[in-house]
1. Test A44 against the criterion of being at pLDDT below 95, in a helix (DSSP H, G or I) and within 20 Å of Y126 (Cβ to Cβ), and give yes or no.
2. If you check L113 against the conditions, is it assigned to a helix (DSSP H, G or I), within 20 Å of N14 (Cα to Cα), in contact with a Lys or Arg (Cβ under 8 Å, 6 or more places away or on another chain) and not aromatic (F, W, Y)?
3. Output the residue which, of all residues in the range 84-98 that are part of a loop (DSSP other than H, G, I, E, B) and not aromatic (F, W, Y), is modelled with the lowest pLDDT.
4. Please determine, by comparing only the residues of the range 19-37 that are surrounded by fewer than 16 Cβ atoms within 10 Å (Cβ to Cβ) and of a type outside the set (V, I, T), which one is farthest from G60 (Cα to Cα).
5. Check the range 39-49 and report whether any residue there is in contact (Cβ under 8 Å) with a residue 12 or more places away in the chain and at positive phi.
Amino acid sequence: MNLDALARPTMQVNLWASLGYGVFLLAAPDVFCDLLEAEAVNTAWLRTIGAALLGTNVLGSWLWLKNPSLDMGRVQTLTAGLEAFAMALSLLLGEFTAENIWMVQASVVLAFLVTIGLYSSSLSAYYEP
């Protein structure tokens with residue numbers, strides 16, 4: 001199995017999706033709430049999440065794409081998995097106030113797909129010749 005055929009495109013999806021979400025959440029959390037038709041109760045959390053996405057996912061993915069390393073692959077995979085788990089748990093617990101809940105559900109599905117796709121980048125076999 002060609003692990004590069006899955007890892008690289010998924011890392012690019014992680015980079016670009018995180019860039020979009022990160023910039024949007026950091027710059028316009030109120031607009032994000034309006035789009036989801038969600039209560040804008042504490043948008044400071046959304047800004048913080050946007051900043052974290054830009055730092056961890058965007059920078060981490062860019063660094064990995066520039067120079068793949070096992071440690072960075074594991075960081076990106078674990079980060080994506082933790083984000084997917086946290087969003088899914090919040091969804092199951094009814095913590096999202098969005099009327100357009102399908103947008104949240106789609107984000108959760110994307111997060112799980114990215115985690116699955118990034119798994120190959122966390123395997124030492126990916127880096128062996």
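1. On the way: at pLDDT below 95: yes; in a helix (DSSP H, G or I): yes; within 20 Å of Y126 (Cβ to Cβ): no.
Judged against the criteria, A44 is not a match.
2. Values: assigned to a helix (DSSP H, G or I): yes; within 20 Å of N14 (Cα to Cα): yes; in contact with a Lys or Arg (Cβ under 8 Å, 6 or more places away or on another chain): no; not aromatic (F, W, Y): yes.
Here the answer is no, as L113 does not meet what is asked.
3. The first filter runs over the range 84-98 and keeps only residues part of a loop (DSSP other than H, G, I, E, B), leaving 93-98.
Narrowing further to those that are not aromatic (F, W, Y): 93-95, 97-98.
Numbers: L93: 92, G94: 89, E95: 88, T97: 84, A98: 87.
It comes out as T97.
4. First, pick out the residues of the range 19-37 that are surrounded by fewer than 16 Cβ atoms within 10 Å (Cβ to Cβ): 20, 23, 27, 30-31, 34-35, 37.
With of a type outside the set (V, I, T) added as a condition, the list becomes 20, 27, 30, 34-35, 37.
Numbers: G20: 15, A27: 20, D30: 27, D34: 29, L35: 28, E37: 31 Å.
Out of the qualifying residues, it is E37.
5. No, the range 39-49 has no match at all.
Residue-wise test of (1) farther than 21 Å from L123 by Cα; (2) surrounded by fewer than 18 Cβ atoms within 10 Å (Cβ to Cβ).
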residue	(1), (2)
A17	yes, no
N57	no, no
G73	no, no
I101	yes, yes
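The values are calculated or read from the model by the stated rules, or taken from the named source; none is laboratory data. Fair warning: this is a prediction, and the values are worked out from it, not measured in the lab. Methodologically, a virtual Cβ is constructed for each residue, glycine included, from the backbone with ideal geometry; neighbour enumeration extends over all protein chains shown.
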